[in-house]
1. Cut-off 17 Å, label point 7 angstrom out along Cα-to-Cβ of A120: give me the residues of segment 21-50 whose amide nitrogen falls inside.
2. With the crude spin-label approximation of a point 7 Å out along Cα→Cβ, what separation in nm comes out for R10 versus R94?
3. Could you calculate the FRET efficiency of V84 with D60 from 1/(1 + (r/R0)^6), where r is the beta carbon distance between them and R0 is 30 Å, rounded to 0.05?
4. Quick check on packing: order 65-72, 108-115 by the mean number of other C-beta atoms within 10 Å, highest mean leading.
5. Determine the distance separating the Cα centre of segment 110-126 from the Cα centre of segment 10-57; give it in Å without decimals.
6. Within 13 Å, Cβ to Cβ, of V108, how many net charges do the neighbouring residues add up to if Lys/Arg are +1 and Asp/Glu are -1?
Amino acid sequence: MMEKAISWLRSNSNIGDEVRRSFQADARLKNDALPDALATNPMLLSDMAKELVCLAVRQDAPEGVVEELMSAVRIIKNGAAELVKSTYLTKVLRELRGLRDAYELEPVLKKALAEATGDADKSKLQNMIEVVQRSAGSFGDPETLPPDSTDLSPHCVPCCFIGCTVCTVDCLVCCAIGCAVCS
């Protein structure tokens with residue numbers, strides 16, 4: 001899933017910078033680091049994916065890239081819309097602001113899992129914990145961004161890769177939030 005889009009994004013590393021500048025220009029990031037902005041508003045992940053589609057069209061990306069990105073947009077948009085319906089999960093996501101590493105994220109997520117009452121919330125939190133545990137230490141080099149560096153399922157790739165493409169912070173927040181969006 002997303003092989004053409006990932007290849008195109010890797011060969012055009014400036015794309016993430018363009019999306020980030022666009023978000024900063026219209027104040028969608030509100031002076032926050034991207035992981036913190038996503039923790040406050042998971043719908044930003046959908047907006048980032050849409051912006052990548054627009055850039056792919058403008059830059060006449062190779063065949064298949066736009067289609068793969070559009071597939072990601074649909075998955076992310078629908079998942080984010082469902083995620084924000086859970087007041088408990090949106091509260092938990094806000095608690096992730098400022099956290100970056102697995103050793104910081106995991107205890108917060110485990111505590112939230114222990115306190116969760118709904119099965120859907122528990123499932124999403126469990127998936128987030130698993131992504132954080134499996135992905136720890138695999139970020140920083142654009143050539144080893146997911147899925148190459150982790151054993152994530154192909155359905156995790158859109159959120160992780162899109163978040164990591166746009167973000168300048170080497171962390172697990174985009175993947176963890178993406179997992180909550182897509183699961």
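Please treat every number below as a calculation from the coordinates, not as lab data. Because the structure is predicted, anything quoted here is derived from the model rather than measured. No Cβ is skipped: glycine too gets one built from the backbone with ideal geometry, and neighbour counts run over all protein chains shown.
1. Those under the cut-off are 42-43.
2. Modelled inter-label distance: 3.9 nm.
3. So, using R0 = 30 Å, E works out to roughly 0.30.
4. 65-72, 108-115
5. Centre-to-centre distance over Cα atoms comes out at 28 Å.
6. Net local charge, V108 excluded: +1.
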